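**Student:** The structure's right below; bear with me while I get my questions together.
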């Protein structure tokens, strides 16, 4: 009861107007909790409140009542007995008359009215009493916004929950509601008010009764709100959006058909207003109303709506997009326009309701007739005057919508207009029958306009059929009139569209005449059903026609393109009906023919066309793709054997193109769609067999492009397979490698390795490279046979300069399981063992270090020694370094600590003069006092950092199942930076320092900018040194650009400003030198942009540099390249205005 | 301008769309009339809040360039024959081009033949180095020119 002791205190603090809102809320919460937890009964609370509820002090009374009401709101779900509810509702009902303390009364009524049956509800008679009291006492519009909102909510609650009892109030209720919302302007209140009107109207369903008398009054009030328009831009505190409010008003308008005589004229009037939103709203409302009011009522207005609708469409319809890439596959595409969309859907609704009436209106419309008459004169699209074009498009759209709405409307349109079009085009059913179906008439010109309208009608028809094909609305459309008509005219239509295609010229951009022809044929081909309405023979004719374009008209690029696109559309369409006869004929007429193209030795058609056609058609569906893959594989293997066996170099070019198509178009598609693994595996294995077969000639191995293409295809093919399939491929590859090359695998197991013995032939190098590319792409789980020997072989090849092998090593290292994690005991090497092989395998120096006389014969070295230049064989050292860099990349990506050793080796090579801070290398290199500081080697070591940091497409790529540790670049950057800074400061001679800069530049330009920014202060001076070093050699221009982009990133970023400000002088000098960098335009442009960004820095810092910058920029104003000149102008203005506008200096 | 506007009711034309140039890295980007036009089309008219392009004082065709000799000739058409603003417009053109082109270009600015009552003297005034320099030293004129060049009203 201790809690109850505070009750009085809580009540007092709540009622007390001097307490802060927070205190009041706290006491309210406390009381609410008490009541909820049954510690306090409502009676007790009321008794306690006592005086506060009835006192004559208005403010205190209002607070008291409000407190009670709020408590009731909080216990809405707590069951109460009916007597309590009754007494409370009677109290609050009476209080409605007390305008000084209204808020509480409203909240209380609302809380009680909203109670659900299971927790005790207000009884009907009490609700009615509340309604009566409300209607008698409330002057809603004289209240403040929040109170008004409560009023509307209360009314809404009454109308919804107590509709039966409230309905008996009759006229009073109508008056009350009208009065309440009259002149209301607040969006939130209006939302509620509109909903109230809707529920009110629903109370009186019979049309003759009370409602009929008041409909006029209700509408008078609603009318003024249309169209919804917010005079003030929507601020933060308005929670209602315009379209929500508009929707609420719309459902109020369409709530009863009795509104029809009032609403429709208003909407029609607003439809012709100039305000765009009013038009859109009118169209939306008309459609909603049409649905509610019903066909009969709408029929009265059909004529008026039709004419306004036609005007609206004519005004806003834009020129169609004659492009095949556009969104809609079937119909003609127009720019999306809200008015047009709404207008057409309204038209569709009207046609649905009164098809006879509307279609007659359309047929008899004078515009429609005029279009039909005038079109007869123009044969080509571009000959039609602009206004008539517009009308043509409008009528086309209208016909499209009419045809697609329902079967009856479609029949009507076909009966009247379609036959009219056919007659004007010179077709009649009779002469059609006399023609055998397959006979193709000689092409002649047809009137464009009619063909255009045909397309719209056919597209509508097709949409209609597509809709009826859906299982829910399945309907046998074949006996409909339009189908029989279409069937009888189908071959005439084919002829007409065919001639449009045949007679067209090949202009750019796509000529509408071609478009119409191709589109027409495409639509004809896309009717479902094997025989009806479009017979199979006609379908085949269409395919034949397109295929003839594909095979013969490839010099007309645009026609060829669209024909291919049409075929693709048709292909994806027939793919839905696997077993249909049309799908069969598509397969035999299109897919097989395209595949055949490859094998034909036809030199007139360029190979790229064939490949393009093939890949596009393959991508229309699984079965087609299978066929295409088979065909392509056949072509690839026959050309490959041509190359390998006969040494035919022309075939080599072909096969490169085919492989390119396979790897860049078909493989990605199969990867996305799945289910082709078998075929891909077969392909890869077959390539290996081919490689095995080509024992003979070696002339053909000089074609570098071919090797690259095979390697790429091998990587991608292996990359997209599952582990099992990869195992199959690798096994096959290994067997070819071990049996068909001159490597002695037995010897390879023995140590030391003797690279000197091997002289890798070109052919062996090929096989090895392709094997390496297969290894690059495998999953970590895939097992590689005889790994130790493979490692040895790779190391030998690496020293001979075979780069893919180095990449494969890196990628193997990347994917290996570390010893600690290796749970299953397998024959596979662990990571540690592999690293041991790589770095500690003894390599016999015999044969490779002959030049080095002092320490050669009999000595055994390891890879590290070779990298550090034991002996003087420069090439060997470079090869070793290159290999090391890829191995390092594999380690870096997985975040292995061994990468430190690798970078140390690289750094040692770089800073051969200063071997101070690198204890690790000391012992390894103590014997090599004859230091080899060959510049090329050093450069190679510097560029190794590029390999380490850049994202390579060739290997260690996401597609090839690589293991990537997050943020590895950031880590590497952070660990390398201090080392480099130390080395740079210690290096005395300029050449090693420039190489250190070079390595650093690689690291910086490949690190994410955000990391560089955080270090900007330290980095900027180094960055500038790198930049000036890189300007010396033309070959470094791309690197220079990459680095400059980093600088510009620092300059444009807010955080970078601080770091920059201290070095303004140096930076500007450096940039000025780059402004006339002759070898790369982008460098000049970026340098000027950097200067522009520098103009933002504090005035005192940059002012001394102003003169210098302006002088440099003047030169850039005269640059050869326009973009540079434009940047220079901007930059000049910015710098000139740092002092004044004048450019005098 | 207390005397009222010289041409109170000029004809305003639509702005033409800016053509985005196709980037061709190997093309020879010589200075062409469109370059110059792009610089000067947005200069504001001294009297009205419209650009010279909108008042059709300038057009791309009215500019000729000889990149080899480094010569630029701009012919502009004042909106009315007695326009005393013709010299100010010419001055604006000259100042703006001076900012945007290296000094070795020789810029000639003329009113198009027959478009101005005092054609000859306007042409002479606009192409006289010393008079241009003197005009730009006049603070009132200078301010007017700057307003036209840097106005944000358009």
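Every number here is computed from the coordinates shown, using simple stated rules; none is lab data. Remember, predicted model here, so these are calculated numbers, not experimental data. Every residue, glycine as well, gets a Cβ built from its backbone with ideal geometry; the counts of neighbours run over all protein chains shown.
**Student:** To make sure I understand, if each residue's beta carbon is the centre and we count other beta carbons within 10 Å, what order do A:20, A:484 fall in, fewest to most?
**Tutor:** Ascending Cβ contact count within 10 Å gives the list A:20, A:484.
**Student:** Cα centroids of segment A:405-421 and segment A:1002-1026: how far apart, whole angstrom?
**Tutor:** Using only Cα atoms, the two centres lie 72 Å from each other.
**Student:** Could you work out the percent of alpha carbon pairs in segment A:976-1019 separated by over 15 Å, rounded to a whole number?
**Tutor:** Taking all Cα-Cα pairs of segment A:976-1019, the fraction more than 15 Å apart is 43 percent.
**Student:** Quick one: check the C-alpha center-to-center distance for segment A:33-48 versus segment A:158-189, whole angstrom.
**Tutor:** Cα centres, segment A:33-48 to segment A:158-189: 34 Å.
**Student:** Can you put A:560, A:688 in order of Cβ neighbours within 10 angstrom, beginning with the fewest?
**Tutor:** By the 10 Å Cβ count, ascending, the order reads A:560, A:688.
**Student:** Any idea what angle helix A:145-161 forms with the longest principal axis of chain A, computed on alpha-carbon atoms, 0 to 90 degrees, nearest 10?
**Tutor:** Approximately 80 degrees, to the nearest ten.
**Student:** Under 8 Å for C-alpha pairs, at least 6 residues apart: give me the relative contact order for segment A:92-206, rounded to a whole percent. If you can, show how the numbers build up before the last one.
**Tutor:** On the way: 110 pairs, mean separation 31.4, N = 115.
The value is 27 percent.
**Student:** Rg (Å, one decimal) plus Dmax (Å, integer) for the alpha carbons of segment A:571-645?
**Tutor:** When restricted to the Cα atoms of segment A:571-645, Rg and Dmax are 13.3, 44 Å.
**Student:** Sticking with this structure for a sec: Which log10 I(q)/I(0) values, to two decimals, does segment B:33-150 give at q = 0.15, 0.24 Å⁻¹ under the Debye formula with one point per Cα?
**Tutor:** Taking Cα atoms of segment B:33-150 as identical point scatterers yields -0.60, -1.70.
**Student:** Once both axes come from the Cα atoms, what is the angle between helix A:649-661 and the longest principal axis of chain A, in degrees from 0 to 90, rounded to 10?
**Tutor:** Roughly 30 degrees between the two axes.
**Student:** Which whole number gives the average, over all residues in B:92-103, of C-beta atoms from other chains lying within 10 Å of the residue C-beta?
**Tutor:** Counting other chains' Cβ atoms within 10 Å and averaging over B:92-103 gives 3.
**Student:** How shielded is B:34-46 by partner chains, expressed as the average number of their Cβ atoms within 10 Å of its Cβ atoms? Don't skip to the end; give the middle numbers.
**Tutor:** Details: counts 1, 3, 0, 0, 2, 2, 0, 0, 0, 0, 0, 0, 0.
Mean inter-chain Cβ contacts per residue within 10 Å come to 1.
**Student:** With an 8 Å cut-off on Cα pairs and a minimum separation of 6 or more residues, tell me the relative contact order of segment A:1010-1145 in percent.
**Tutor:** Computed value for segment A:1010-1145: 21 percent relative contact order.
**Student:** Still on this structure, I have one more. In a Debye calculation with equal point scatterers on the alpha-carbon sites of segment A:147-252 and no solvent, what is log10 I(q)/I(0) at q = 0.22 Å⁻¹?
**Tutor:** -1.24
**Student:** In peptide A:1118-1125, what is the residue-averaged number of other protein chain Cβ atoms found within 10 Å of each Cβ?
**Tutor:** What the average comes to for A:1118-1125 is 5.
**Student:** Whole number please: convex hull volume per residue of the Cα set in segment A:1010-1145, in Å³?
**Tutor:** Taking only Cα atoms, segment A:1010-1145 has a hull volume of 93 Å³ per residue.
**Student:** In segment B:33-150, what % of DSSP beta bridges are antiparallel (nearest 5)? Write down the numbers at each step before the final one.
**Tutor:** Values: 5 of 11 bridges.
That works out to approximately 45 percent antiparallel.
**Student:** If you don't mind, another one. What whole number of Å gives the distance from the Cα centroid of segment A:1091-1106 to the Cα centroid of segment B:87-154?
**Tutor:** 30 Å
**Student:** As I understand it, the value is the acute angle between the Cα axis of helix A:355-364 and the longest principal axis of the Cα atoms of chain A; what does it come to in degrees, rounded to 10?
**Tutor:** The answer is roughly 80 degrees.
**Student:** Then there is this: Once you treat every alpha carbon in the protein assembly as shown as an equal point and sum by Debye, what is log10 I(q)/I(0) at q = 0.04 Å⁻¹?
**Tutor:** Log10 I(q)/I(0), no solvent term: -0.44.
**Student:** With both partners inside the protein assembly as shown, how many of the DSSP beta bridges are antiparallel, as a percent to the nearest 5?
**Tutor:** Values: 8 of 15 bridges.
Taking every DSSP beta bridge with both residues in the protein assembly as shown, the antiparallel ones total about 55 percent.
**Student:** Here is a further query. Run the quick spin-label model on residue A:81 and residue B:118: label points 7 Å from Cα toward the beta carbon, then report their separation in nm to one decimal.
**Tutor:** 10.6 nm
**Student:** OK, next. By count of other Cβ within 10 Å, fewest leading, how are A:14, A:52 ordered? Don't skip to the answer; put the middle values down first.
**Tutor:** Numbers: A:14 24, A:52 21.
With the fewest neighbours first, A:14, A:52 line up as A:52, A:14.
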